[in-house]
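The values are calculated or read from the model by the stated rules, or taken from the named source; none is laboratory data. Keep in mind that this is a model prediction, so the values were computed, not measured. No Cβ is skipped: glycine too gets one built from the backbone with ideal geometry, and neighbour counts run over all protein chains shown.
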Amino acid sequence: MRKHKSDRVIAILTFVLMAVGLIVIFAIGPQRVNFMNASLPDSQKMATNAFFMAQLKSVVVATVGFILAFKFPYEKLRQYAKWIMLAGVVCCVILAGAAAVKAPVAMCELGGCRWINLGVTTFQPAELLKLGLVLYLAGLAAKWKKAGKLETRDFLQPFAIVSVVSLVFVVVLQKDLGTGIVLVMIILAILYMSGIQMKYFLIALGILAAGGVFAIVSSPHRLERMMTFSGQGSSDETYHIDNAKMAIGTGGLLGVGIGNSVQATGYLPESINDSVFAVMGETFGFVGLLAIIAVFFWLLSRILKVSAKLETERSLVTVGVFAWIATQTIVNIAAMTGLIPLTGITLPLLSYGGTSMLFVAIGLGIVCQLSCYTGREVNRNEDISSGRRLGGTYHTSRRRSA
């Protein structure tokens, strides 16, 4: 292991996505405000730039989070992994308790209580839980892999307990299947990449798949969405996805331009949150959407490249962050284009909302820090003073002498 410059491309792409999201909110925010103000009394009307200013604050906070995560040494951070995980669980417990007694601190929308109202802002515990899950499970898997006990109860029992508890809080109590899918993919990615025997991985996959099926069939709302996806829903039930497709189709090749979105005026539900991809299709067109997808693909490929050059624990953390962002991106885009049943989940760094952006930025900041370290096995006959960089790159003698 030795330190070198970080992967600056990860940082650049992170801020590019946040900047694009800010531009989109600037363009469609006033339209959303006008739609909401139409049904509000004068005393509660919002300022035209309310959403943009809130998103700008989120970008600033997320930038600070990225920098702190990049600067705070991972060796110290890993010592707090179980406490971060515990903090996420405690916040979920507080939210569940507050929702049960209908306390105002619990914010509930569309049948689910997923936010804690802190007065000046809101906080979504599930986002903290994602970060805690990545750090804790990666450390746990690395510890028992090193001890050669991945297939023993010492590893499997705590891994299973933490995974199940997290999913129960998010999917059952908060009724957030979209975030549950992200947690499942984080769990499976870390478990698979830890090198566990395939039979144990398949058992875990089967249990999680069965749990997912049960979560769907036991919820009328989720069953309704499955029926809608299969083409058996009414026009009211297909309204959201129909308008999302209409927005993307209206954009054509190059889009209608910034500030000209029709769907953002109130036709498309959650236009600045979960449905922002569809509004971007209307605004920037097919070419714009391809560019956004290309940026995400580039970012995710850089994360995988970093993961391939790290030792076990750091590699598993990076894999966890990859699974987190990749799943959230794919699920959001697939839902907005009708490839999977509609589910509520934000598009990383682009959707309106501070908690999601903050913790995604923190995750990427950690990856960016870990990219400063590469590792590989050194052959017995290899001259380690030759200037070879880990990962197969060589420096010329001229470069070294300079």
Which of the numbered conditions does Ile345 fail, given that it passes all the others? Conditions: (1) in a helix (DSSP H, G or I); (2) within 19 Å of Leu188 (Cβ to Cβ).
(1)
Taking the range 110-130, which residues are of a type outside the set (A, V, I, L, M) and surrounded by 14 or more Cβ atoms within 10 Å (Cβ to Cβ)?
Gly112, Cys113, Arg114, Trp115, Asn117, Thr121, Thr122, Phe123, Gln124, Pro125, Glu127, Lys130
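Collect the residues in the range 323-352 that are more than 28 Å from Phe52 (Cα to Cα) and not small (Gly, Ala, Ser), keeping them in residue-number order. Write out each step before concluding.
Taking the range 323-352 and keeping what is more than 28 Å from Phe52 (Cα to Cα), we get 323, 338-341.
Correct list: Leu339, Ile340, Pro341.
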Taking helices (runs of 4 or more DSSP H) that fall entirely within the range 45-150, which contain at least 1 residues that are more than 26 Å from Ile161 (Cβ to Cβ) and under 22 Å from the mean Cα position of the chain (by Cα)?
50-71
Examine the range 199-211 for a residue that is at negative phi and in a loop (DSSP other than H, G, I, E, B), and state whether such a residue exists.
no
Pull up the range 352-395, narrow it to residues that are modelled with pLDDT of 90 or more and closer than 30 Å to Thr228 by Cβ, then point me to the one that is farthest from the chain's Cα centre (by Cα).
Thr355
How many residues does the range 137-167 hold that are surrounded by fewer than 18 Cβ atoms within 10 Å (Cβ to Cβ), under 25 Å from Gly178 (Cα atoms) and of a type in the set (Ser, Thr, Tyr)?
0
Search the range 232-259 for residues that are modelled with pLDDT under 85 and pair each with any residue that is small (Gly, Ala, Ser) and surrounded by 13 or more Cβ atoms within 10 Å (Cβ to Cβ) when their beta-carbon atoms are under 7 Å apart and the residues are at least 6 apart or on different chains.
Ile258/Ala27; Gly259/Ala27
What number of residues within the range 227-256 are more than 23 Å from the chain's Cα centre (by Cα) and more than 18 Å from Phe284 (Cβ to Cβ)?
14
